[in-house]
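Asks: Before I ask anything, let me first share the structure, which is written out below as C-alpha coordinates.
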Amino acid sequence: MGIGHYSAHNCVLEAFTLAKTLNIAEPTVIRGEELLARGMGGLYGVGRAAAQAPALVCLSYLAPGASQSVAWVGKGIVYDTGGLSIKARSSMVGMKGDCGGAAGALGAFAAFVSEQPDINVHCVLCLAENAVGPNATRPDDIHRLYSGRTVEINNTDAEGRLVLSDGVVYAQRDLKADTIVDIATLTGAQGTATGKYHAAIVSNCGGLERRCVVAGLRCGELTHPLPYAPELHFPEFTSVVADMKNSVADRNNAQPSCAGLFVLSHLGFDFRGGWLHIDMAAPAHSGERATGYGVALLNVLFGAHSSSRLLRALAPPTK
(Lines give C-alpha, C1' and ligand atoms only; values in the text may rest on other atoms or scores of the structure.)
Protein backbone atom coordinates (compact mmCIF):
# COMPACT_ATOMS: atom_id res chain seq x y z
CA MET A 1 0.00 0.00 0.00
CA GLY A 2 1.45 3.38 -1.03
CA ILE A 3 1.55 6.62 0.91
CA GLY A 4 -1.40 7.84 -1.14
CA HIS A 5 -3.61 5.35 0.73
CA TYR A 6 -2.32 6.19 4.22
CA SER A 7 -3.78 8.14 7.11
CA ALA A 8 -1.96 11.18 8.49
CA HIS A 9 -0.70 9.08 11.39
CA ASN A 10 0.70 6.40 9.10
CA CYS A 11 2.45 9.06 7.04
CA VAL A 12 4.18 10.22 10.23
CA LEU A 13 5.29 6.65 10.91
CA GLU A 14 6.55 6.38 7.33
CA ALA A 15 8.71 9.47 7.88
CA PHE A 16 10.29 7.91 10.97
CA THR A 17 10.97 4.69 9.07
CA LEU A 18 12.62 6.60 6.24
CA ALA A 19 14.79 8.61 8.62
CA LYS A 20 16.07 5.38 10.13
CA THR A 21 16.73 3.91 6.67
CA LEU A 22 18.67 6.99 5.59
CA ASN A 23 20.51 7.19 8.91
CA ILE A 24 19.48 10.78 9.54
CA ALA A 25 17.95 12.46 12.58
CA GLU A 26 14.37 11.63 13.52
CA PRO A 27 11.84 13.95 11.90
CA THR A 28 10.36 16.95 13.65
CA VAL A 29 6.62 16.49 14.18
CA ILE A 30 4.19 19.27 15.10
CA ARG A 31 0.75 17.75 15.55
CA GLY A 32 -2.79 18.56 16.65
CA GLU A 33 -3.24 21.33 19.19
CA GLU A 34 0.48 22.11 19.03
CA LEU A 35 -0.07 23.36 15.47
CA LEU A 36 -2.57 25.88 16.78
CA ALA A 37 -0.30 26.86 19.66
CA ARG A 38 2.54 27.46 17.18
CA GLY A 39 0.29 29.63 15.00
CA MET A 40 -0.25 27.20 12.11
CA GLY A 41 -3.94 27.89 11.80
CA GLY A 42 -4.12 26.84 8.16
CA LEU A 43 -2.98 23.26 8.62
CA TYR A 44 -4.80 22.94 11.93
CA GLY A 45 -8.05 24.34 10.56
CA VAL A 46 -8.08 22.00 7.58
CA GLY A 47 -7.50 18.86 9.63
CA ARG A 48 -9.20 19.58 12.95
CA ALA A 49 -12.42 17.66 12.15
CA ALA A 50 -10.68 14.39 11.28
CA ALA A 51 -10.40 11.35 13.54
CA GLN A 52 -6.60 11.66 13.40
CA ALA A 53 -4.87 14.95 14.09
CA PRO A 54 -3.18 16.95 11.33
CA ALA A 55 0.59 17.18 11.44
CA LEU A 56 3.54 19.01 9.98
CA VAL A 57 6.49 16.64 9.57
CA CYS A 58 10.00 17.74 8.65
CA LEU A 59 12.84 15.45 7.60
CA SER A 60 16.27 17.05 7.28
CA TYR A 61 19.55 16.03 5.71
CA LEU A 62 22.43 18.28 6.73
CA ALA A 63 25.45 18.03 4.45
CA PRO A 64 28.87 18.60 6.06
CA GLY A 65 30.04 22.15 5.38
CA ALA A 66 26.98 23.04 3.30
CA SER A 67 26.18 26.71 2.81
CA GLN A 68 22.97 26.27 0.82
CA SER A 69 19.62 24.90 1.92
CA VAL A 70 16.58 23.77 -0.04
CA ALA A 71 13.15 22.78 1.27
CA TRP A 72 10.60 20.67 -0.56
CA VAL A 73 7.12 21.27 0.85
CA GLY A 74 4.43 18.73 -0.05
CA LYS A 75 0.67 18.94 0.24
CA GLY A 76 -0.41 15.81 2.10
CA ILE A 77 -4.21 15.78 2.21
CA VAL A 78 -4.66 12.09 2.90
CA TYR A 79 -8.34 12.29 1.98
CA ASP A 80 -10.27 15.28 0.68
CA THR A 81 -14.05 15.31 1.06
CA GLY A 82 -14.06 19.03 0.33
CA GLY A 83 -15.04 19.70 3.93
CA LEU A 84 -18.36 21.48 4.46
CA SER A 85 -18.08 22.75 0.87
CA ILE A 86 -18.45 19.07 0.12
CA LYS A 87 -17.46 17.55 -3.20
CA ALA A 88 -20.02 15.97 -5.50
CA ARG A 89 -20.16 12.17 -5.56
CA SER A 90 -18.11 11.79 -8.74
CA SER A 91 -15.56 14.42 -7.69
CA MET A 92 -14.76 12.76 -4.37
CA VAL A 93 -13.75 9.40 -5.85
CA GLY A 94 -9.96 9.14 -5.91
CA MET A 95 -9.33 11.79 -3.29
CA LYS A 96 -7.16 9.32 -1.38
CA GLY A 97 -4.54 10.56 -3.84
CA ASP A 98 -4.70 14.21 -2.77
CA CYS A 99 -1.41 13.72 -0.95
CA GLY A 100 0.44 13.19 -4.24
CA GLY A 101 2.60 16.25 -3.60
CA ALA A 102 3.75 14.98 -0.21
CA ALA A 103 4.33 11.53 -1.68
CA GLY A 104 6.43 13.02 -4.48
CA ALA A 105 8.43 15.16 -2.07
CA LEU A 106 9.07 12.25 0.28
CA GLY A 107 10.09 9.92 -2.54
CA ALA A 108 12.37 12.57 -4.00
CA PHE A 109 13.96 13.16 -0.60
CA ALA A 110 14.60 9.44 -0.13
CA ALA A 111 16.29 9.11 -3.52
CA PHE A 112 18.24 12.38 -3.33
CA VAL A 113 19.59 11.94 0.18
CA SER A 114 20.73 8.40 -0.60
CA GLU A 115 23.23 9.99 -3.02
CA GLN A 116 24.65 12.28 -0.30
CA PRO A 117 24.18 15.73 -1.85
CA ASP A 118 26.39 18.69 -0.95
CA ILE A 119 23.49 20.92 0.18
CA ASN A 120 21.12 20.80 3.13
CA VAL A 121 17.79 19.28 2.08
CA HIS A 122 14.54 19.46 4.02
CA CYS A 123 11.29 17.66 3.26
CA VAL A 124 8.23 19.27 4.85
CA LEU A 125 5.02 17.24 4.76
CA CYS A 126 1.74 19.05 5.49
CA LEU A 127 -0.55 16.20 6.52
CA ALA A 128 -4.29 16.39 7.16
CA GLU A 129 -7.62 14.83 6.28
CA ASN A 130 -10.15 17.38 5.04
CA ALA A 131 -13.11 15.77 6.78
CA VAL A 132 -16.70 16.65 7.60
CA GLY A 133 -17.66 16.78 11.28
CA PRO A 134 -18.82 18.99 14.16
CA ASN A 135 -15.41 20.67 14.37
CA ALA A 136 -14.97 21.23 10.64
CA THR A 137 -13.93 24.63 9.38
CA ARG A 138 -16.95 26.58 8.09
CA PRO A 139 -17.22 29.04 5.24
CA ASP A 140 -16.98 32.49 6.88
CA ASP A 141 -14.45 31.29 9.48
CA ILE A 142 -11.23 33.29 9.71
CA HIS A 143 -7.92 31.54 10.31
CA ARG A 144 -4.61 33.10 11.23
CA LEU A 145 -1.79 31.32 9.41
CA TYR A 146 1.85 30.89 10.45
CA SER A 147 2.74 34.01 8.47
CA GLY A 148 0.53 36.01 10.83
CA ARG A 149 -1.84 36.88 8.00
CA THR A 150 -5.56 36.19 8.33
CA VAL A 151 -7.63 34.26 5.81
CA GLU A 152 -11.40 34.38 5.40
CA ILE A 153 -12.62 30.94 4.34
CA ASN A 154 -15.05 31.14 1.43
CA ASN A 155 -14.45 27.58 0.17
CA THR A 156 -13.37 24.72 2.44
CA ASP A 157 -12.47 22.73 -0.68
CA ALA A 158 -9.63 25.17 -1.38
CA GLU A 159 -7.68 23.66 1.52
CA GLY A 160 -4.37 22.70 -0.05
CA ARG A 161 -3.12 26.28 -0.28
CA LEU A 162 -3.81 26.73 3.44
CA VAL A 163 -1.63 23.81 4.52
CA LEU A 164 1.09 24.70 2.00
CA SER A 165 1.20 28.29 3.22
CA ASP A 166 2.00 27.15 6.75
CA GLY A 167 4.56 24.73 5.31
CA VAL A 168 6.48 27.24 3.21
CA VAL A 169 6.62 29.76 6.06
CA TYR A 170 7.99 27.01 8.31
CA ALA A 171 10.63 26.37 5.64
CA GLN A 172 11.51 30.06 5.55
CA ARG A 173 11.32 30.93 9.24
CA ASP A 174 12.40 27.76 11.01
CA LEU A 175 14.60 26.06 8.41
CA LYS A 176 16.11 29.22 6.85
CA ALA A 177 15.83 27.63 3.40
CA ASP A 178 17.37 29.59 0.52
CA THR A 179 15.14 27.88 -2.06
CA ILE A 180 11.61 26.66 -1.36
CA VAL A 181 9.70 24.36 -3.68
CA ASP A 182 6.09 23.50 -2.95
CA ILE A 183 4.50 20.61 -4.81
CA ALA A 184 0.81 19.78 -4.72
CA THR A 185 -2.24 18.32 -6.39
CA LEU A 186 -3.67 21.79 -5.94
CA THR A 187 -6.25 22.78 -8.56
CA GLY A 188 -8.53 21.02 -11.00
CA ALA A 189 -7.90 23.98 -13.29
CA GLN A 190 -4.27 22.87 -13.69
CA GLY A 191 -5.38 20.14 -16.08
CA THR A 192 -7.29 22.68 -18.15
CA ALA A 193 -4.34 25.07 -18.19
CA THR A 194 -1.46 22.71 -18.98
CA GLY A 195 -3.03 19.31 -19.63
CA LYS A 196 -2.65 15.77 -18.34
CA TYR A 197 1.11 15.46 -18.70
CA HIS A 198 2.60 18.88 -17.86
CA ALA A 199 2.56 20.17 -14.29
CA ALA A 200 1.87 23.89 -14.05
CA ILE A 201 4.66 25.91 -12.46
CA VAL A 202 5.01 29.48 -11.27
CA SER A 203 8.04 31.09 -9.65
CA ASN A 204 9.42 34.38 -8.39
CA CYS A 205 12.70 33.51 -10.14
CA GLY A 206 12.95 33.25 -13.91
CA GLY A 207 16.11 31.16 -13.73
CA LEU A 208 14.57 28.62 -11.37
CA GLU A 209 11.48 28.38 -13.57
CA ARG A 210 13.56 27.80 -16.72
CA ARG A 211 15.65 25.13 -14.99
CA CYS A 212 12.47 23.35 -13.91
CA VAL A 213 11.24 23.23 -17.51
CA VAL A 214 14.59 21.81 -18.67
CA ALA A 215 14.66 19.28 -15.82
CA GLY A 216 11.18 18.12 -16.78
CA LEU A 217 12.17 17.60 -20.40
CA ARG A 218 15.24 15.63 -19.36
CA CYS A 219 13.50 13.31 -16.90
CA GLY A 220 10.08 12.97 -18.53
CA GLU A 221 8.09 14.69 -15.78
CA LEU A 222 7.04 17.64 -17.88
CA THR A 223 6.27 21.16 -16.69
CA HIS A 224 4.98 24.37 -18.24
CA PRO A 225 5.13 27.91 -16.79
CA LEU A 226 2.08 29.86 -15.70
CA PRO A 227 1.73 33.66 -15.78
CA TYR A 228 3.35 35.41 -12.83
CA ALA A 229 1.41 38.64 -12.38
CA PRO A 230 0.55 39.30 -8.72
CA GLU A 231 -0.86 42.73 -9.53
CA LEU A 232 -3.43 41.14 -11.88
CA HIS A 233 -4.26 37.93 -10.06
CA PHE A 234 -3.83 38.34 -6.30
CA PRO A 235 -6.74 40.84 -6.02
CA GLU A 236 -8.99 37.82 -6.63
CA PHE A 237 -8.54 37.05 -2.92
CA THR A 238 -9.67 40.46 -1.62
CA SER A 239 -11.53 40.30 1.70
CA VAL A 240 -13.13 43.09 3.72
CA VAL A 241 -12.76 41.24 7.04
CA ALA A 242 -9.34 39.54 6.70
CA ASP A 243 -6.08 39.91 4.84
CA MET A 244 -7.42 37.66 2.08
CA LYS A 245 -9.96 35.02 1.17
CA ASN A 246 -8.84 31.50 0.34
CA SER A 247 -10.65 31.12 -2.99
CA VAL A 248 -10.85 33.36 -6.03
CA ALA A 249 -13.74 35.65 -6.91
CA ASP A 250 -13.46 34.94 -10.65
CA ARG A 251 -12.70 31.33 -11.53
CA ASN A 252 -11.86 32.36 -15.11
CA ASN A 253 -8.90 34.52 -14.11
CA ALA A 254 -5.89 32.17 -14.19
CA GLN A 255 -6.94 29.98 -11.26
CA PRO A 256 -3.71 27.92 -11.05
CA SER A 257 -1.61 31.10 -11.02
CA CYS A 258 -3.82 32.59 -8.33
CA ALA A 259 -3.48 29.51 -6.14
CA GLY A 260 0.30 29.67 -6.37
CA LEU A 261 0.31 33.37 -5.57
CA PHE A 262 -1.80 32.69 -2.48
CA VAL A 263 1.03 30.50 -1.18
CA LEU A 264 3.72 33.04 -2.10
CA SER A 265 1.80 35.84 -0.38
CA HIS A 266 2.53 34.20 2.98
CA LEU A 267 6.26 34.25 2.25
CA GLY A 268 5.77 37.79 0.98
CA PHE A 269 5.98 39.04 -2.58
CA ASP A 270 9.31 40.58 -1.57
CA PHE A 271 10.72 37.17 -0.54
CA ARG A 272 14.40 37.27 -1.49
CA GLY A 273 14.88 33.53 -1.80
CA GLY A 274 13.91 31.32 -4.70
CA TRP A 275 10.35 30.00 -4.69
CA LEU A 276 8.88 27.47 -7.10
CA HIS A 277 5.29 26.23 -7.09
CA ILE A 278 4.47 22.93 -8.82
CA ASP A 279 0.79 22.12 -9.36
CA MET A 280 0.71 18.52 -10.53
CA ALA A 281 -2.95 17.65 -10.01
CA ALA A 282 -3.34 15.95 -13.39
CA PRO A 283 0.10 14.32 -13.88
CA ALA A 284 -0.10 12.81 -10.38
CA HIS A 285 -2.37 10.07 -11.64
CA SER A 286 -2.96 7.88 -14.67
CA GLY A 287 -6.46 6.49 -14.59
CA GLU A 288 -6.99 5.13 -11.10
CA ARG A 289 -3.29 4.75 -10.31
CA ALA A 290 -0.70 7.18 -8.97
CA THR A 291 2.32 8.00 -11.15
CA GLY A 292 4.88 9.04 -8.54
CA TYR A 293 5.24 12.41 -10.25
CA GLY A 294 7.82 14.68 -8.65
CA VAL A 295 10.47 12.16 -7.63
CA ALA A 296 12.46 12.36 -10.85
CA LEU A 297 11.74 16.07 -11.39
CA LEU A 298 13.11 17.23 -8.04
CA ASN A 299 16.14 14.95 -8.26
CA VAL A 300 17.09 16.21 -11.71
CA LEU A 301 16.27 19.85 -10.91
CA PHE A 302 18.77 19.78 -8.03
CA GLY A 303 20.99 17.11 -9.56
CA ALA A 304 24.01 19.41 -9.76
CA HIS A 305 24.32 18.97 -5.99
CA SER A 306 24.17 15.16 -6.08
CA SER A 307 27.06 12.72 -5.99
CA SER A 308 25.24 10.69 -8.67
CA ARG A 309 26.94 11.03 -12.04
CA LEU A 310 23.61 10.41 -13.77
CA LEU A 311 21.83 13.19 -11.90
CA ARG A 312 24.72 15.60 -12.44
CA ALA A 313 24.64 14.82 -16.17
CA LEU A 314 20.89 15.39 -16.38
CA ALA A 315 20.82 18.49 -14.18
CA PRO A 316 19.99 21.74 -16.00
CA PRO A 317 22.73 24.39 -16.14
CA THR A 318 22.66 26.59 -13.05
CA LYS A 319 23.67 29.71 -14.97
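The values are calculated or read from the model by the stated rules, or taken from the named source; none is laboratory data. Please read all numbers here as calculations on a predicted model, not as lab measurements. As a convention, Cβ positions derive from the backbone with ideal geometry for all residues, glycine included, and neighbour counts pool all protein chains shown.
Asks: With the structure loaded, tell me whether Ser91 is surrounded by fewer than 15 Cβ atoms within 10 Å (Cβ to Cβ) and out of contact with any His (no Cβ under 9 Å at 6 or more places or on another chain) or whether it fails that test. Give the steps one after another, and end with the answer.
Replies: On the way: surrounded by fewer than 15 Cβ atoms within 10 Å (Cβ to Cβ): yes; out of contact with any His (no Cβ under 9 Å at 6 or more places or on another chain): yes.
When the stated conditions are applied, Ser91 passes them.
Asks: Against the condition surrounded by fewer than 17 Cβ atoms within 10 Å (Cβ to Cβ), out of contact with any Asp or Glu (no Cβ under 9 Å at 6 or more places or on another chain), hydrophobic (A, V, I, L, M, F, W, C) and under 20 Å from Thr291 (Cβ atoms), how does Ala102 come out, does it pass?
Replies: Working: surrounded by fewer than 17 Cβ atoms within 10 Å (Cβ to Cβ): no; out of contact with any Asp or Glu (no Cβ under 9 Å at 6 or more places or on another chain): yes; hydrophobic (A, V, I, L, M, F, W, C): yes; under 20 Å from Thr291 (Cβ atoms): yes.
No: the conditions fail for Ala102.
Asks: Residues that are surrounded by 17 or more Cβ atoms within 10 Å (Cβ to Cβ) and either charged (D, E, K, R) or part of a helix (DSSP H, G or I) (or both): does region 195-202 have at least one?
Replies: First pass over region 195-202, keeping only residues surrounded by 17 or more Cβ atoms within 10 Å (Cβ to Cβ): 197-202.
Keeping just the survivors that are either charged (D, E, K, R) or part of a helix (DSSP H, G or I) (or both) gives none.
No, region 195-202 contains no residue that is surrounded by 17 or more Cβ atoms within 10 Å (Cβ to Cβ) and either charged (D, E, K, R) or part of a helix (DSSP H, G or I) (or both).
Asks: Given the options Pro256, Pro235, Pro283, Pro227, name the one that is within 22 Å of Asp140 (Cα to Cα) and at pLDDT 95 or above.
Replies: From the options Pro256, Pro235, Pro283, Pro227, the qualifying one is Pro235.
Asks: Look at Leu18 and say whether it is touching a strand residue (DSSP E or B) at 6+ places or on another chain (Cβ under 8 Å), within 25 Å of Gly292 (Cβ to Cβ), part of a strand (DSSP E or B) and of a type in the set (A, V, I, L, M).
Replies: no
Asks: Same structure again: Name every residue in region 144-178 that is of a type in the set (Lys, Arg) and either in a loop (DSSP other than H, G, I, E, B) or buried (at least 24 other Cβ atoms within 10 Å of the Cβ) (or both), in order of residue number.
Replies: Listed by number, the residues that qualify are Arg149, Arg161, Lys176.
Asks: How many residues are part of a helix (DSSP H, G or I) and among the β-branched types (Val, Ile, Thr) when one looks only at region 259-318?
Replies: So the count comes out to 3.
Asks: Quick check on this structure: which one of Ala158, Ala200, Ala189 is touching an Asp or Glu at 6+ places or on another chain (Cβ under 6 Å), within 22 Å of Cys99 (Cβ to Cβ) and of a type in the set (Gly, Ala, Ser)?
Replies: Checking each option against the conditions leaves just Ala200.
Asks: Give me the pairs, please: first residue somewhere in region 294-319 and in contact (Cβ under 8 Å) with a residue 12 or more places away in the chain, second residue anywhere and polar (S, T, N, Q) and buried (at least 20 other Cβ atoms within 10 Å of the Cβ), beta-carbon distance under 6 Å, and either six or more positions apart or on two chains.
Replies: Leu311/Asn299
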